[in-house]
Amino acid sequence: QAKALGNGSFQFFEPEMCIAATRRLRLEASLHRALEQGQFEVHYQPRVDLRSMQLRGVEALLRWNHPEFGRVPPLEFIPLAEERGHICAIGQWVLGAACRDVQRLNERFGLALHVSVNVSARQLRSPGLVAQVGQALGASGMPPAALELELTESALIEDLDQSVAVLRGLKALGVRLSIDDFGTGYSSLSYLKRFPIDVLKLDRSFITENPASDGFVRALIDMAHVLDLSVVAEGIESAAAMAALRDASCDEGQGYLFARPMPLRELEDFVAHEGGRPGACSG
Ligand code: C2E
Ligand code: MG
Ligand code: MG
Ligand code: MG
């Protein structure tokens, strides 16, 4: 529609733009109460050892069940939560839920699955992060080595000195640290040596039908191993991609080929039926 302005000119609005802006405003307005109203839910996506094909752990992925808009994707609401300053409270809740859920699952099934939790840039910059992580571990009884925190290159690079200090604090707790979406950002080798990182997660965009035919992926994996890092490939969707990555000595894989992110109840069934058994996750 076009709206006449007083001076005789017109301002044009695309209806889609209106809808998108309205949705954004509504999401923003309801975000601060989403936590207390129990609208968040953590889903878990399996991570598989590519050599043994055993389930090694899960990544916690946040879901927002909005009363009006239904399931809102994290790529839409996480940036909003960052901007509006809600991400620390939400992140703390995710940490607590993920440690509690996976620790219970491990106890119930006699497993030693690890859980990885995404940490946003703003959380990394907040002074309470190390204490929050310690609190989530203490409350759940999860062994620190079973928790992995996923950080992005861009978050780490915002303030190198501060990042190094926070990462050291986290390492002192005994947790593992990984770099998420590796390859999409700066991918600088020099900072990898500066940070006490344990795991590199190769971004989904590299994982094509035959990722190893791309010398770049092979070189990244070799380089990571030289630096004593373990490598996880994200977004494995085909058996061909999995075979090529295994061939390139990639340590672990995650992707729709193995399983999609799922609610805790489904994860319990998944673990009960195929958890731990070799070959169980061969897709
Ligand atoms: P991420 O940490 O890189 O998570 C992996 C994303 O790839 C997930 O999207 C997952 O569902 C998707 N994925 C996994 N396997 C495949 C595959 O085979 N094919 C395709 N096409 N996609 C696959 P999701 O759950 O939508 O999350 C998107 C992003 O939102 C995450 O990317 C992460 O950056 C962020 N996020 C999710 N949960 C949290 C959270 O609790 N805290 C923070 N700070 N960020 C979160
Ligand atoms: Mg991640
Ligand atoms: Mg990722
Ligand atoms: Mg990603």
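Of L202, L220, L160, which residue is within 18 Å of R125 (Cβ to Cβ) and in contact with a Phe, Trp or Tyr (Cβ under 9 Å, 6 or more places away or on another chain)?
Every option except L160 fails the conditions.
For the range 179-197, what are the residues that are open to solvent by less than 20 Å² (accessible area, probe 1.4 Å), away from ligand 1 (no atom under 16 Å from the Cβ) and within 15 Å of E150 (Cα to Cα)?
L192, F195
Across the range 29-51, which residue is modelled with the lowest pLDDT among those that are of a type outside the set (D, E) and open to solvent by 40 Å² or more (accessible area, probe 1.4 Å)?
Filtering the range 29-51 for residues that are of a type outside the set (D, E) and open to solvent by 40 Å² or more (accessible area, probe 1.4 Å), the one modelled with the lowest pLDDT comes out as H32.
The values are calculated or read from the model by the stated rules, or taken from the named source; none is laboratory data. As the structure is a computational prediction, the values presented were derived from the model and not from experiment. Here Cβ is always computed from backbone atoms with ideal geometry, including for glycine, and neighbour counts include all displayed protein chains. Ligands, DNA and RNA are excluded from the accessible area calculation, which covers all protein heavy atoms including side chains. Shrake-Rupley method; radii C 1.70, N 1.55, O 1.52, S 1.80 Å.
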